Amino acid sequence: MPREFYLKRAVECYDHMGDQRAAADVLARFGSPAASADAAQRYVAMGDLPAAGEAYLAADQPRAALDCFQRARLPERALACLHVLDDPAAAGALLLELERLAEAAPLLERALAAATRPTDHVMLRFQLAQALGLNHGESHYREALAQVSHLPATDASAEAWVALGAWGAAVGRQDRMQEGYAQALRLLDHPHYLPRWRAVATRYQTAAQAIGNRRLVQILTTELADRVEPPPPTEPPPDPAQLLLDSGQWEAALAELEPRARAEDETAKLLLAVMIEDGALVRHRPSIADTLSAIGYRLSAMACPLPLRLNAAALLGEVGDPRLLNVQTGDAPLGGYWCPIDAGPFWFGDDRQGALRQVTLPYAYRVGRYPVTNTEYRRFIEAGGYQQQQWWTENGWQDKGSRTQPSYWDNAERNQPTQPVVGVSWYEAVAYCAWLTAQGQTAGWLANGDAIRLPTSLEWERAARGIDQRRYPWGNEPPDAERANYNDTGIGRPTPVGCFPAGAATCGALDLAGNVWEWTSTPYQEPELVEARKDFTQNTYVLLSYSYYNAELANLCCGARNGIYPVYRYNVRSFRCFSSRALLE
């Protein structure tokens, strides 16, 4: 029997005995990341926030862990989470509160160098002035002081004023301390901001006590007593499908969810998406965790079997898959359609043909979480994309001829709504990107002058491999039927996108190994070309990713590539989109 079977039975036994602590401990010690997330939620329900935080870390959910450690007042563990999240601004601010100024300064300097919002600039300069002291921090203080009064009078500016108050308290400037904290409280003087108001008032009260201002302490004590937070809302009852999902009754859960999804029940659609992608959905779409919590759902410790994941994806395709791109908003209804990729060095190449080499991309960007689906490509067709020359390159319009749709568009094994669109030439993929660019600019989520396009070979591989030398998007563990749709999986056709969550890359993108080949904007002879080509002649070889649903195991590595003429429309050709990172901020 597999280990997961015994884990499940042990948890069931402890649940039956009513020993929630033992059930959570088993999940945390012996389970998968999804099981650790389940354990964390159980610890939260028991009020054991430190254990919940550690379990969330094991589940690769550092933000949820951070919340637990902050509520438990464990600053060292909170710092560990902030380092994992690579949040130098928050880590520096916490070190300031702990009076570890020498450690805070370099983190705050790094955060300041990357800051783009005026409010963040002001806040970080006040914090740097505090960390560096009166002598070395004077220039930061002066510049921040000149800017702070010009910030908009909204709650977003409150943290800059708090930083001024903290600076005043640290250096003994009572006038600046009172000015900063008092202005922050005025900006947060609304019931909606009550938790933030109380946090600032408490800091202000502590600073007033430190300088011996008894009158101010008394005023703040009265204000804090008068402004009491409302009791937390009662926990909602679990969704009817939750118990079925928690106990691994996948077929019964699907039967429960199907009529609700067809009746446009958005919660049912969300739970179907969770059945398909489980922990990967939450891990790479953090906002989903709050939504699931609101309906009383917690992730199962077991993954839904592949056949039922495929069935759930097919159903979502029929009723409207909330994971896919909405061209009016530039994101999926569930959020997280675009996967962010940082600038910097990474390892590139086909390790079957020699050692990898390090190259650098000097810019950040985003790629689509999935290949473009039939549903998404259909919008282009229905908008007259094949009749409008403006979307096509010169060579593409010549090649298109009288075509009005991709090859295999009417093939029942390849035209499910959530399957990747196949049978598209390079020219058709580029035309779709040009059309999507215009939709984004018209709707306002894409800046004029920016564009959606096919990724270069370098961009594609950086998304697939991350920054280490892993062989596959998920790591170095050999491929199996849970990680990718390839020859050994035995399906023999493209599967709906996202059905192999265990194969997710570190950036969150799925299906980067197996399923379909993907066009790039790079010529075959120049794999390390940084610039994306805008057009190819019909007899020029173009690079594609090499693995697909019938690929052998050796071809699933991140650097596997093939070359083909841009006119070819085989039943394995698809693509995913690229955008610059700044477009959707």
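What follows draws every value from the coordinates through simple rules; no lab data is involved. Since this is a predicted model, take the numbers as computed values, not measurements. Reconstructed Cβ throughout: ideal geometry from the backbone, glycine too, with neighbour counts over all protein chains shown.
Tabulated data for the structure shown
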read-out: For the chain, with +1 on Lys and Arg beta carbons and -1 on Asp and Glu, the positive-most of P345, S425, T506 along the dipole; value: P345
read-out: Rounded to 10°, Cα long-axis angle of helix 3-17 versus longest principal axis of the chain; value: 50 degrees
read-out: Linear extension gain, A182 paired with L243, 0.36 nm per residue minus alpha-carbon span; value: 17.0 nm
read-out: Sorted by Cβ neighbour density within 10 Å, fewest at the top, the residues H140, H190, H83; value: H190, H83, H140
read-out: Rough spin-label spacing in nm, given labels placed 7 Å along Cα→Cβ, for L98 and R493; value: 5.6 nm
read-out: Highest to lowest packing among 317-328, 389-400, scored as the average C-beta count within 10 Å; value: 317-328, 389-400
read-out: DSSP-loop GluC sites (Glu not before Pro) across segment 188-269, with at most 12 other Cβ within 10 angstrom; value: E264
read-out: Cα-based helix-to-principal-axis angle, 266-277 vs the chain, degrees rounded to 10; value: 70 degrees
read-out: Simple label model, 7 Å out from Cα along Cβ direction - D60 to A383, nm; value: 3.4 nm
read-out: Centroid-to-centroid separation of segment 366-397 and segment 43-93 [C-alpha atoms, Å]; value: 43 Å
read-out: Two-site FRET efficiency, L85 against Q469, from Cβ-Cβ distance with R₀ of 25 Å, rounded to 0.05; value: 0.60
read-out: Residue exposure sequence - C68, C433 - by fewest surrounding Cβ within 10 Å; value: C433, C68
read-out: Difference of contour (0.36 nm per residue) and Cα-Cα distance, A481 to T206; value: 93.3 nm
read-out: GluC sites (Glu not before Pro) within segment 56-152, DSSP loop, no more than 14 other Cβ atoms inside 10 Å; value: E99
read-out: For M123, M177, order by how many other beta-carbon atoms lie within 10 Å, fewest first; value: M177, M123
read-out: Rounded to 10°, Cα long-axis angle of helix 20-30 versus longest principal axis of the chain; value: 60 degrees
read-out: Zero-based 10 Å bins, Cα pair distances in segment 107-230, whole percents; value: 14, 44, 32, 9, 0
read-out: Scattering profile of segment 242-319 at q = 0.16, 0.21 Å⁻¹ [log10 I(q)/I(0), Debye over alpha-carbon scatterers]; value: -0.51, -0.92
read-out: Nearest-20 debye value, the chain charge dipole, Cβ charges on Lys, Arg, Asp, Glu; value: 680 debye
read-out: Isolated Cys in the chain, by beta carbon distance under 4.7 Å; value: C13, C68, C81, C304, C433, C499, C557, C558, C577
